[in-house]
């Protein structure tokens with residue numbers, strides 16, 4: 001499957017916003033976004049012209065894709081499903097993305113970034129309702145239980161991520177038991193519960209052209 005192989009920090013600089021793609025590095029003084037406040041490439045320092053309406057919409061779509069680590073074809077499929085469903089299309093889109101297994105693993109604190117969460121899921125370190133699931137895009141339903149497999153409980157990458165998780169629920173739509181390394185996807189989050197700073201309506205306008 002195709003995947004992005006260049007430096008993730010370039011994506012933050014391209015979108016002119018920290019997307020938190022590298023886990024702990026994003027919170028340290030080693031973060032390239034803090035050191036280089038301009039776009040990547042030889043013309044990155046050059047003052048840019050005002051973006052067109054299409055350009056603004058495109059950048060917002062790219063931003064969401066990069067936050068969740070979704071390729072274009074898969075992202076378009078999510079949009080098509082969201083558009084067919086009742087409700088606000090942009091909000092439906094974000095709800096689908098937040099319901100992905102790799103995202104929930106990241107939100108629960110089992111991984112420092114979505115990229116790490118995706119890798120851990122592929123390597124069969126998690127169970128959903130006592131069944132091993134190795135598909136990062138697996139869509140969770142309310143009530144689903146996500147658990148670290150017994151043989152994976154000593155992984156340093158998981159323990160390192162969980163040490164940064166504070167006691168109590170970080171998200172109202174998730175429940176976490178740190179002692180048993182178990183989480184529950186209690187409900188699909190509402191838009192105000194999704195901590196992603198994007199304007200999803202711009203994506204709807206882009207795909208509606």
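Any read-out appearing in this document is the output of simple, stated calculations on the displayed coordinates, not a laboratory observation. Quick caveat: nothing in here was measured; it's all calculated off a predicted structure. Cβ coordinates were reconstructed from backbone atoms using ideal geometry, including for glycine residues, and neighbour counts include every protein chain displayed.
Figures for the structure shown
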quantity	calculated
Selection from region 106-126 of residues that are free of Cβ contacts under 8 Å to residues at least 60 places away in the same chain, buried (at least 21 other Cβ atoms within 10 Å of the Cβ) and part of a helix (DSSP H, G or I)	106, 117, 118, 120, 121
In region 134-150, the residues that are closer than 11 Å to residue 122 by Cα and touching a residue at least 40 places away in the same chain (Cβ under 8 Å)	137
Extreme residue, surrounded by the fewest Cβ atoms within 10 Å (Cβ to Cβ), among residues of region 181-204 that are out of contact with any strand residue (DSSP E or B) (no Cβ under 6 Å at 6 or more places or on another chain) and farther than 13 Å from residue 93 by Cα	192
Hits in region 78-88 (condition: in a helix (DSSP H, G or I) and closer than 19 Å to residue 141 by Cα)	78, 79, 81, 82, 84
The lone exception for residue 59 - which of (1) farther than 20 Å from residue 199 by Cα; (2) over 15 Å from the mean Cα position of the chain (by Cα) it fails	(1)
